[in-house]
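Novice: Right, I'll just put the structure down here and ask away after.
The values are calculated or read from the model by the stated rules, or taken from the named source; none is laboratory data. Bear in mind that the values here come from a model prediction, so they are computed numbers and not experimental data. Note: ideal-geometry Cβ built from the backbone for every residue, glycine included; neighbour counts use all protein chains shown. Note: areas computed on protein heavy atoms with side chains; ligands, DNA, RNA excluded. Shrake-Rupley method; radii C 1.70, N 1.55, O 1.52, S 1.80 Å.
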Amino acid sequence: MSEQAATRIERKERTRQALVDGTLELAADRGFAALSLREIARSAGIVPTAFYRHFASLDDLGATLVDQGVTALRLALREVRRNPESSVADTVRFVFDQVSAKRALFGFLTRERHGGSAALRKAIALELQLIVRELVADLSRVRALDDWSPRDLEIAADLLVGTVADGIAAYVAATERDQRTIIDNTVQKIRLIALGMDNWWPPKDR
């Protein structure tokens with residue numbers, strides 16, 4: 001690749017990232033559904049028609065943001081799974097470390113998860129369901145849960161993922177002073193769920 005081509009690619013990536021960053025900043029005040037292509041383009045210092053060199057549509061931009069956020073969360077959870085000796089507290093705190101590094105992005109996801117664009121709500125729900133399925137696969141390999149049905153495992157996984165997701169939503173909206181308490185509370189909730197799982201047996205008549 002020539003130096004000129006490399007420079008052109010780098011410039012395009014910088015502009016694309018500027019569009020992403022500008023969108024996150026604007027959406028923090030009014031929500032993604034209220035944004036116009038024109039103002040997003042202006043935030044990146046480009047004309048509206050140049051937007052289409054980077055994204056096919058506003059929905060495509062929104063989907064990209066969802067993918068970036070959920071991918072970061074999924075990679076964090078996969079990293080945790082590589083260390084089976086991790087405690088519950090270590091696992092939850094590791095996830096929050098990833099959230100802290102991408103706070104604006106996760107703030108966007110938590111706000112759009114329950115409001116704003118219907119397309120984004122659906123995309124976020126689908127991505128979270130993929131995380132639930134990955135966790136179901138993990139739980140199915142736990143010997144103590146051999147008697148659990150796939151439905152039981154899915155309910156437990158959904159509860160665990162939902163609890164962490166709610167913790168993340170509280171974290172990104174909180175002041176720095178309150179963030180540590182939110183993490184500690186999320187750790188305690190996950191511990192209580194795990195304790196309940198250890199002491200619950202599926203009904204035999206199903």
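Novice: Over the chain, average the accessible area per residue using a 1.4 Å probe and give it in Å², no decimals.
Specialist: 60 Å²
Novice: Compute log10 of I(q)/I(0) for the range 70-193 with the Debye formula, placing one identical point scatterer on every Cα and leaving out solvent, at q = 0.09, 0.22 Å⁻¹, to two decimals.
Specialist: Here the Debye-derived log intensity ratios amount to -0.25, -1.44.
Novice: How much of the accessible area of the chain, probe 1.4 Å, is carbon plus sulfur, in whole percent?
Specialist: Details: 6430 of 12420 Å².
Carbon-and-sulfur percentage of accessible area, whole number: 52.
Novice: Once you charge only the Cβ atoms, +1 for Lys and Arg and -1 for Asp and Glu, what is the size of the charge dipole of the chain about its Cα centre, to the nearest 20 debye?
Specialist: 420 debye
Novice: Output the relative contact order of the range 1-150, whole-number percent, from Cα pairs under 8 angstrom with separation of 6+ residues.
Specialist: 23 percent.
Novice: Could you tell me how many degrees, from 0 to 90 and to the nearest 10, lie between the Cα long axis of helix 150-173 and the main elongation axis, the longest principal axis, of the Cα atoms of the chain?
Specialist: 50 degrees
Novice: Mind checking which of Gln188, Leu153, Ala165 is farthest towards the positive end of the chain's charge dipole, using Cβ charges of +1 (Lys, Arg) and -1 (Asp, Glu) about the Cα centre?
Specialist: It is Ala165.
Novice: Could you compute the net charge surrounding Leu109? Neighbours are other residues with a C-beta less than 10 Å from the C-beta of Leu109; K and R count +1, D and E count -1. Could you put the intermediate results ahead of the total?
Specialist: Values: positive: Lys102, Arg111, Arg113; negative: Glu112, Glu127.
Every neighbour counted, the sum reads +1.
Novice: Could you tell me the distance between the Cα centroids of the range 5-54 and the range 145-162, to the nearest Å?
Specialist: What the calculation gives is 40 Å, centre to centre.
Novice: Apply 1/(1 + (r/R0)^6) to the Cβ-Cβ distance of Glu134 and Val47, taking R0 = 45 Å, and write down the FRET efficiency to the nearest 0.05.
Specialist: So the FRET efficiency works out to roughly 0.60.
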